[in-house]
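Read the figures in this text as sums done on the coordinates, not as results from a lab. The model shown is predicted, which means the values in this text are computed figures rather than measured ones. So basically every Cβ, Gly included, is an ideal-geometry build from the backbone, and we count neighbours across all protein chains shown.
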């Protein structure tokens, strides 16, 4: 165990004893000095806040301009019947403070869209939940400029996602020393930058410092799947159609001012078209994107289920804790959850060109005005 950090009081040691034994004093010290921003305080954010506050972060700022409605009471445990008509974040604040009075809690009731880019620079991590795609990418860009970590997450009934952009993140793992030399480049995004050793109970332990490089949501959303997921038919069929539906939803929001699809004929037609286009762009078998899944996904949009919120919120909060403590492998970079099948695959989405495209590019001369500037090919003006 690491040497005791004197800045952590005896009372805190007693309060956080179990987690200090898990990740050490230095990691706990990093947590207690972290400033976290949490945007939109619905069911998913409730779970994130609960886990981070109990872990002992330094401060949590919640921003939400919505008023509590009857729908909010169904899956949000910080609210009561008396909360109706009050600001959602302000109504939840007393219960959050009661969980851990040591954590500084700040509440802002403005719309996050009114915040300037430099607003996000004051936070170590920004977690944007239940926002449309354009707002997420705007906040992601502001965090990147400030060199701050960004997460986006959303809940749609039985389905949900967590996206991470940590820009560049170094972390340390401990493992038994191997006789086989470590590869410097483990994956296209992960490299080993340093290895030190220590002796523990007659065993040689390696302290391996790794570095993960990330892509912003705007690029990840149009990036191909790694070849490992598409090369073999069996692997292609294992890729959840939720990935295509989520991307189609984001594209639909870009085209419709941020709203989600309804069951009107035009919306159904457009969403189905976008889903199939995305599925083919990802080189997936069209047979895995059937009408039943499309219907289920659309029926779940905008709804909240407590068990799904608990899983996603817990996973997101744990990843934030791992990132702040610089221990363990972080999320890279999109986690999807399908509650109907109880699966939670992770896909690393980055703008890496497939080998065949790289080889073809030098042989293809640029075509002037190949794509009409007033819309998408085959779709007419936007």
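Overview of results
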| item | result |
| --- | --- |
| Order of 266, 86, 279, 350 - criterion: other Cβ atoms within 10 Å of each residue's Cβ, fewest first | 266, 86, 350, 279 |
| Residue order, fewest to most beta carbons within 10 Å, for 29, 202 | 202, 29 |
| Correct choice for volume of the Cα convex hull per residue in Å³ that was computed from the model, options (1) 150; (2) 177; (3) 160 | (2) |
| FRET E, pair residue 113, residue 290, Förster distance 41 Å, beta-carbon r, rounded to 0.05 | 0.65 |
| Stretch gain in nm, segment residue 219-residue 196, where the contour uses 0.36 nm per residue and the Cα spacing is subtracted | 4.8 nm |
| Inter-label distance for residue 228 and residue 177, nm, one decimal - labels placed 7 Å from Cα along Cα-to-Cβ | 2.8 nm |
| Residue of 285, 165, 228 that the Gaussian network model of the chain assigns the largest fluctuation, springs spanning Cα pairs under 10 Å | 228 |
| Antiparallel DSSP beta bridges within the chain, as percent of all bridges there, nearest 5 | 65 percent |
| Within a Gaussian network of the chain (alpha carbon springs, distance under 10 Å), most fluctuating of 113, 43, 128 | 113 |
| Among 108, 200, 174, residue whose mean-square fluctuation peaks in a GNM of the chain (springs only between Cα atoms under 10 Å) | 200 |
| Centroid-to-centroid separation of segment 293-351 and segment 28-73 [C-alpha atoms, Å] | 17 Å |
| Per-residue Cβ neighbour rank within 10 angstrom, fewest leading, 62, 57, 167, 173 | 173, 167, 62, 57 |
| Relative contact order for the chain, counting Cα pairs under 8 Å that sit 6 or more residues apart, in percent | 17 percent |
| C-alpha center-to-center spacing [segment 264-287, segment 125-145] in angstrom | 25 Å |
| Amide N of segment 23-62 lying under 20 Å from the label point, which is placed 7 angstrom from the Cα of residue 69 along Cα→Cβ | 39-46 |
| Hull shadow area, averaged, segment 224-350 [alpha-carbon convex hull, nm²] | 8.8 nm² |
| Values of log10 I(q)/I(0), in the order q = 0.13, 0.23, 0.27, 0.29 Å⁻¹, for segment 168-213 under a Debye, Cα-only, solvent-free model | -0.30, -0.79, -0.98, -1.07 |
| Rounded if a/c under 1.5, otherwise prolate or oblate - segment 97-195, Cα gyration tensor axes | prolate |
